[in-house]
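Each value in this text was obtained by applying a stated rule to the coordinates, not by laboratory testing. No experiment lies behind these values; they were computed from the predicted model shown. Methodologically, a virtual Cβ is constructed for each residue, glycine included, from the backbone with ideal geometry; neighbour enumeration extends over all protein chains shown.
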Amino acid sequence: MTDRPSWAPPGIDITVPSVSRVYDYFLGGSHNFEVDREAARVALKAIPAIPKVGQANRAAMRRAVRHAVGRGIDQFLDIGSGIPTFGNVHEVVHTLNPAANVVYVDNDPVAVAHSKAVLDGNEHATIAAADLRDPRSVLDHPETQRMLDLDRPVALLLVAVLHFLRDTDNAYAVVGELRDALAPGSVLVITHATPQAGLLSDDQRRVQDVYQRTSTPLIMRTVPEVERFFTGFELLDPGVVPLNHWRPDTPPSDDDDPALLTGLAGVGLKA
Amino acid sequence: MTAQPAAPRCRAAGGTARAVGRTGGGPALSTSRDNLARFAAIWSRAIYPVTATSMTSAEFEQHLLPLARLLRDTLHAERFDPRAAIRVGEGLVAAHCTDPESLPSILGVIDAYLVLYCGPGLDLPAEECRVRCSRLQHAVAVGFSHALRERTLYEQESISRAALNAKTEAESALAASEARFRAVFETAAVGIGIADLEGNVLEVNESLTRMLGSESYIRHRRAGDWTHPDNGPEGDSLNRELARGERDHYHIEKAYPRADGSVLWADVQVSLLRDAAGRPQYQLGLLEDITERRRLLERLRHQATHDALTALPNRALFFERLDRALSTTDEHGADRADRRIGVCYLDLDGFKAVNDSLGHAVGDRLLVAVAERLRRCVTSPDQLVARIGGDEFVAVYADPPSLAAVTELAGRILKALSTPVLLDDRQLPVHGSIGVVHGPVGTRGAADVLRSADITMYRAKELGGNRYEVADPDADARAITRHGLTNQLPSALRHGEFFVEYQPLIGLEDGVVLGAEALVRWCHPVHGVLGPDQFIPLAESTGQIVPLGRWVLEQAAQQARDWQDRRFTGPAPRINVNLSPVQLTHPDLVAEVAAVLDETGLPPSALCLEVTESALIGANEDALKPLRRIADLGVAIALDDFGTGYSNLSSLRWLPVSVLKLDRSFTRGMRQHPADPVEMKIVEGIVSLAHTLNLTVTVEGVETRTQAEHLRALGCDTAQGWYYGKAGPADQLHALTLADAV
């Protein structure tokens, strides 16, 4: 009777705020419940610019995805995809290469159910219910197996998700295990929350407190700590930098909200 | 993943814009286009910061261009229909301007810049243009609000549906998993039961029902009501700890009464099931039926701990019980150093004779009968009778109230054996000797206690048997030496602890050394040199005399051969070697004697085997046969200790004997002058008789010259004794012989 799979979906409890629905609210979506909005409002009160960070995060992700497509990569594994709001990976990818395959992964059953509905009928995109903390649950998932050929390069997207892994979740080992499953030529895209140099803290801590109330607390990591995730990858220029500094379409300006500095982005290439 | 309704609307807006753009071509087009782009740029700059779009600001500006064009064309339309601008509001929502805060920026730019960059034309008065612009803003606001409401409702519905789907999926997964577990539960070979903390049974599976009898039988009792006399109290206390949440698991073997009254033995694992907050909620029991396994184990254990012949407990069980009785703590660990122990060690008197004369089958039946009687002597559970050897039985009495209680048990045993056993109409008398040990526990081990009882039993035997003796330390000490020697004999022989000394035999006529008697000694590592009296009886009782006797014979024969080789003249020196009655009955005796003669090359006439008179008394012709055959080889046979037994003179006629050895008791009276006349007459008679029968006469124990002279005068042939020389190493005799030869 103890032979449960190492990862099983958590129960559906919509009385607890969910990371992905809170994020959706930050992005102006309505794929959320009052409990999520309540949590989001508290966070917004502390750092009103959070939606901007979210926006910048998605923009950075789009640029990184375009870069991967430019490298000829036609397989995408997006872990922690959340509620599909708009401008998602498969939309960006399919604009450039309609035949590329995208596998989304999330451990939130509501997010998974929603993604299923949205992706229904899409031959080149799918959703797998699995948990990043158990990489095998991701790699061995039938949808992953069906859609991705791990012997060929894959773009692994860990966008705004690693900061929900605690050290006790063996975050580095998790990324290492995923890395070992990737073929040479694969890229790893990471965006991650970071302590804002100088100012911050009190406000950021208040945001952290909000996430403490979700089932997934927020862990901020420094640039060297985020760089460590790229062990085994060649870190591409310009390295691990603030979101809007990663290969921007228009140069970042001094007018940009300093809150954007609370997000880091980086892309690595597996040799 | 654009929300479903948003994308098509966005495309619709773009499509409309292009259509309008085509109809709006004209000479002012390039200027108009620049102005439109300028308007879109201003518009984008105002709105972009308040959108959530993931587009870049350049992309966003491009996205706004068709919407700006739609505004311009609507503004300039011949038939002004402001409702066309509703699509502008919708298009902005589709581009993720979903924050109501963006509406003032959207409308503010239209209000301030639309007319400036896109109006008024030749056919449109300025006043009319301003009115139209206001109405366009109303329409944009309507479109924005409408689209935002639609979008919000749609997204709310889709997330609710997703939550519902997820819930349904989780529930069906749970139902499927529950169905699987239910199947496991129902079809498991182990019995499974779930009870609340009070032990009220809530669920039982098929196997458990089958094991115990019926479901209603199970449900009518609580888990704690399943009691059986074979169960200790530990199960209940474990269960109380579990119910209190102090332990999460326990594992015991337990007996359960079945519905039909029989017993189920089960290997039971009980686990505590807690609720989400960690509070004890249920107990889960897994029962494996081990009744058969246990029965088999019990049978095996019974076989391992009982004697197959008599079904009495065997040596193993006896020691187990003795160890337990000797323990200074009881089974619960409490100190019981005040306990005492009683042991009765019984050996049947003369059982060997029964076995030898009536055969083993009868012997076995006798043992069975004795065992049956002994069984009845046990009067309480703290007494146990075991068979620990051929005809050896032991009763162990745990913590007897007194020595009297133990001797009473010994008395009961003797009384039980007092009537003969009737086997096939034959009355077989049985008697036994019992060694009784009684004392406090904690001072000695089981082996020690048993040895003491064994020794004491021998004492009872030596005192005539059919009695019990109580162990006492002094008697033990003496007997322990004896006992120890017996045990050490075999290894002593292996380790070469024996040696042979030689006592000269002198011809009385001329005082010449004729030979020697070989006498075995034991150089004991602890007790020093021991004489034959101290160990030969022990060797005879254990049969060790056979290998020992053979070894002495070999040594002596080899020695005699050495002497013969050194003395070039005269007859070969004779060697006398003692033969035990036990050796006489050994089937290989003749062959061994022949082999020794063969191997050493000693002439048979140089060997004389001494046999005690008592060994030959009552011997029939069969028993004498080996002796006769040895005599036939040419070996002399001496009748040792003549005169100490019944001295059946008539038997001398037909015994294969050539030498009489007169016991020293006949010649004590001749040590001084004048000699005892009666003694002289008797010896004279014996010598005369012997010579008549062609026997030579040797006298033992000659200690004085007077004695020697008397004996010579009486016609004795040879003599030995201190007067001539004590027993000593072979070299001593060699020297004597040489001296004699000179």
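Numerical summary
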quantity: Considering only the protein assembly as shown, percent of DSSP beta bridges that pair antiparallel, nearest 5; calculated: 65 percent
quantity: Extension gain from B:Glu186 to B:Gln62, taking 0.36 nm per residue of separation minus the Cα-Cα distance; calculated: 37.9 nm
quantity: Largest to smallest principal axis extent of the C-alpha atoms in the stretch B:306-471, angstrom; calculated: 53, 32, 24
quantity: Rough spin-label spacing in nm, given labels placed 7 Å along Cα→Cβ, for B:Ala595 and B:Glu206; calculated: 7.4 nm
quantity: Two-decimal ratio, the protein assembly as shown, of alpha-carbon radius of gyration to 2.2 N^0.38 Å; calculated: 1.90
quantity: Whole-Hz couplings from phi, Karplus 6.51/-1.76/1.60, listed for the stretch B:509-522; x for Gly and Pro; calculated: 4, 10, x, 7, 6, 8, x, 7, 9, 7, 10, 8, 10, 10
quantity: Whole-angstrom gap from the stretch B:622-680 to the stretch B:517-557, using each part's C-alpha centre; calculated: 23 Å
quantity: Test item: Cα-centred dipole of the protein assembly as shown, Lys/Arg +1 and Asp/Glu -1 on Cβ, debye; calculated: 2880 debye
quantity: Cα shape, the stretch B:545-724, gyration tensor, a/c 1.5 rule; calculated: oblate
quantity: FRET efficiency, 1/(1 + (r/R0)^6) with R0 22 Å, evaluated for A:Val42 and B:Gln156 via beta carbons; calculated: 0.55
quantity: Number of partner chain Cβ atoms within 10 Å, mean per residue of A:21-32; calculated: 5
quantity: Listed residues A:Asn32, A:Asn101, A:Asn122, most fluctuating in chain A (Gaussian network, C-alpha, under 10 Å); calculated: A:Asn122
quantity: Shielding of B:53-61 by partner chains, average beta-carbon count, 10 Å; calculated: 5
quantity: Computed E for B:Glu298/B:Ser614 - FRET, C-beta separation, R0 41 angstrom, nearest 0.05; calculated: 0.15
quantity: FRET efficiency for B:Leu164 and A:Arg228, using Cβ-Cβ distance with R0 set to 51 Å, rounded to 0.05; calculated: 0.80
quantity: Extended-chain gain in nm, criterion 0.36 nm per residue less alpha-carbon gap, B:Ala623 and B:Glu253; calculated: 126.8 nm
quantity: Label-to-label distance, nm, for residues given as B:Gln281 and B:Ala334 (7 Å Cα→Cβ offset); calculated: 4.3 nm
quantity: Per-residue ³J(HN,Hα) for the stretch B:41-46, Karplus 6.51 cos²θ - 1.76 cosθ + 1.60, θ = phi - 60°, Hz, x for Gly and Pro; calculated: 5, 4, 4, 4, 4, 6
quantity: Segment B:Ser134-B:Glu215, length gained on full extension (0.36 nm per residue, minus Cα span); calculated: 20.8 nm
quantity: Label-zone membership for the stretch B:590-624, site B:Arg566, 7 angstrom Cα→C-beta point, backbone N under 19 Å; calculated: B:600-603, B:606-607
quantity: For chain B, fraction of C-alpha pairs farther apart than 46 Å, in %; calculated: 61 percent
quantity: Descending semi-axes in Å of the stretch B:188-295, equivalent ellipsoid built from Cα gyration tensor; calculated: 22, 15, 12
quantity: Candidates A:Thr95, A:Thr222, A:Thr168, ranked by Gaussian network fluctuation over chain A, Cα under 10 Å, top entry; calculated: A:Thr168
quantity: Among A:His31, B:Trp265, B:Pro473 the positive-end extreme of the charge dipole of the protein assembly as shown (Cβ point charges); calculated: A:His31
quantity: Model label zone, B:Ser380; criterion: amide N under 17 Å from point 7 Å along Cα-to-beta-carbon; scope the stretch B:339-356; calculated: B:339-344
quantity: Expected 222 nm ellipticity per residue - DSSP helices of 4 or more, -39500 (n - 2.57), all of chain B, to 500; calculated: -16000 deg cm²/dmol
quantity: For chain A, Kirkwood radius (reciprocal of mean inverse C-alpha pair distance, Å); calculated: 18.7 Å
